[in-house]
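Shown next, in structure tokens, is the structure this report addresses.
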Amino acid sequence: MPDPDIIFGLIPRLRGRFPGFVADCRGEKRLYLNSGAGSLTVDSCLRALNNEGAGLNPMPGQLIPPENQTLQFQQQVRQLVADFLGAGSHEEISFHFSTTAALFNLAFALRSLFKPGKNLLVTDLDHFANISPWETVGSSQGAEIRRVRLTGDLSLDVPDLLKKLDHNTVLVALTGASNVLGTILPLASLVSDIKQKSPALVVVDAVHLAPHAPVDVREIGCDFLAFSGYKIFGPMIGLLYSRPETRDRISPYRVETNKEYPPFCWEQGMLPNLQLAGLKGALEYLLELGRAASPGDSSPSARKTFRLALEAIKRYELSLTLYFLERLKKIDSPRLKFYGIDNPGRATARTPTFALEIAGLNPSELKKLFWERGRVVIADGNHYSAVVVRHLQKSGLNRVSLAHYDGPDSIDLFFDCLDSIISH
Ligand SMILES: Cc1ncc(COP(=O)(O)O)c(C=O)c1O
């Protein structure tokens, strides 16, 4: 873990790397508190789109130098993603249009496992990107879909999960962190419990976790894990890790002439080179952050450097969470209802993503008031999440989501605006 003095000196200065922090694309000032929907884009991603991206050949190949340069480049980006996740090799990483597209493709690829008599587990904590593919493909093949519920305090009901698991469970779909409540799951211990009780494959949606904490596929022990470039300060692109041992069980969408082996068998058509260039720029930003967070470490590996970066972000964001919860506690209004972990003692089990509502205002009205009174951007709606739609059975909730470019000043502005809304 990097030294807190270094972290707290370093991270607040990084805000300058995000041109969207101070103003939106029209040059207008606003406070963006909707990073859960998509983070701000880092400058090195934007530069890479123009510089490295523009110089690439559409088609990779061996012989012609620009084709070969593209081939090398694509492999280099796969390797960076593998290092980001602690995967064993670039061959374990495939590129997709989005995480949703990656998970639908994965569900299709695993369809032969889903049969009458078999079952799949999905949870009420997940985004529907990690539910609908399993429900759609699993049930069309005759498998049973079992839903894991939440407890009264909106935590995943782990005993319910373990009770629903058996020898006929072929797949368990889990989230790394809820994109509505911010709750982080103890993935490594959960996956170990699942693997002890059943032969199920475990698929992790790490979209909401990846910008906030280190993710290590080998420590987690999952079979597949997906996340998205536009949540980690880069462009729209979905990334899928597949454990090499699952290779004989997959049969993805594939045209006859495409290669049959990973990672190529996962990918349909040409790769989006511009997106890959932007992703590389965003990942290089995290590497810079990791090196700066631990200057004493002489030439650490890319894997270790990513981990240092995300540990620094996690530590810094914990201070934001604690400050947010402290200010929340001071609001003395029965109209405010907060969802998720609010105990500071459990703050390490959450990201700085907060769900709330104000009695008497529907989520879209509250979003509008934040915008009109303070030029503050918060989210409303169902966030594509089963917490909202299935568990709470609401049409929407408001969500405030921070990232490491935010600071106590962002939180103060949010609460000043909230105070003024509640009191008028
Ligand atoms: C937790 C979570 N999973 C999956 C997704 C879907 O990602 P994508 O837009 O890349 O399909 C999102 C998007 O908000 C998300 O927050």
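Summary of computed values
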| quantity | calculated |
| --- | --- |
| Which numbered condition Ala355 fails, given (1) more than 29 Å from Leu14 (Cβ to Cβ); (2) in contact with a strand residue (DSSP E or B) (Cβ under 6 Å, 6 or more places away or on another chain) | (1) |
| Counted residues, the range 230-260 - those being more than 16 Å from the ligand (Cβ to nearest atom), assigned to a loop (DSSP other than H, G, I, E, B) and in contact (Cβ under 8 Å) with a residue 24 or more places away in the chain | 5 |
| Residues of the range 1-27 satisfying the condition of being within 22 Å of Gly234 (Cα to Cα) and free of Cβ contacts under 8 Å to residues at least 60 places away in the same chain | Arg13, Gly16, Pro19, Gly20, Val22, Ala23, Asp24, Cys25, Arg26, Gly27 |
| Residue check for Leu397: among the aliphatic types (A, V, I, L, M), exposed (fewer than 15 other Cβ atoms within 10 Å of the Cβ) and either modelled with pLDDT of 95 or more or touching a Cys at 6+ places or on another chain (Cβ under 6 Å) (or both) | no |
| Residues satisfying the stated conditions in the range 68-121, i.e. within 16 Å of the ligand (Cβ to nearest atom), closer than 25 Å to Pro199 by Cα and in contact (Cβ under 8 Å) with a residue 60 or more places away in the chain | Leu85, Ile93, Ser94, Thr99, Thr100, Ala102, Leu103, Asn105, Leu106, Phe108 |
| Single match in Leu190, Leu154 (criterion: more than 16 Å from the ligand (Cβ to nearest atom) and not in a strand (DSSP E or B)) | Leu190 |
| Test for Ala312: is it farther than 26 Å from Leu201 by Cβ, part of a helix (DSSP H, G or I), within 16 Å of the ligand (Cβ to nearest atom) and at pLDDT 95 or above | no |
| Candidate set: the range 167-187, residues that are β-branched (Val, Ile, Thr) and more than 15 Å from the ligand (Cβ to nearest atom); chosen: the one farthest from Arg147 (Cα to Cα) | Val170 |
| Residue match in the range 262-275 (condition: over 14 Å from Phe95 (Cβ atoms) and in contact with a strand residue (DSSP E or B) (Cβ under 9 Å, 6 or more places away or on another chain)) | no |
| Strands (runs of 3 or more DSSP E) contained entirely in the range 318-424, each with at least 3 residues that are in contact with a Pro (Cβ under 9 Å, 6 or more places away or on another chain) | 398-401 |
| Answer residue from the range 25-67, given it is surrounded by 15 or more Cβ atoms within 10 Å (Cβ to Cβ), in a loop (DSSP other than H, G, I, E, B) and away from the ligand (no atom under 16 Å from the Cβ) and is modelled with the highest pLDDT among those | Val42 |
| Residues located in the range 213-250, provided they are of a type in the set (Gly, Ala, Ser) and either surrounded by fewer than 24 Cβ atoms within 10 Å (Cβ to Cβ) or within 15 Å of the chain's Cα centre (by Cα) (or both) | Ala213, Gly221, Ala226, Ser228, Gly229, Gly234, Gly238 |
| The range 193-212 - residue that is buried (at least 22 other Cβ atoms within 10 Å of the Cβ) and assigned to a loop (DSSP other than H, G, I, E, B) and, of those, farthest from the ligand (Cβ to nearest atom) | Ala200 |
| Residue within the range 386-393 that is farther than 23 Å from Glu28 by Cα, away from the ligand (no atom under 16 Å from the Cβ) and free of Cβ contacts under 8 Å to residues at least 12 places away in the same chain present | yes |
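One line per residue, one yes/no per condition, for (1) closer than 18 Å to Phe227 by Cβ; (2) without any contact (Cβ under 8 Å) to a residue 60 or more places away in the chain; (3) among the aliphatic types (A, V, I, L, M); (4) not assigned by TED's automatic domain parsing to the domain that holds Pro214:
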| position | (1), (2), (3), (4) |
| --- | --- |
| Gly152 | no, yes, no, no |
| Val158 | no, yes, yes, no |
| Leu171 | no, no, yes, no |
| Leu174 | yes, yes, yes, no |
| Val180 | yes, no, yes, no |
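The values are calculated or read from the model by the stated rules, or taken from the named source; none is laboratory data. Predicted model only: the values in this text are computed from it and were never measured. Methodologically, a virtual Cβ is constructed for each residue, glycine included, from the backbone with ideal geometry; neighbour enumeration extends over all protein chains shown.
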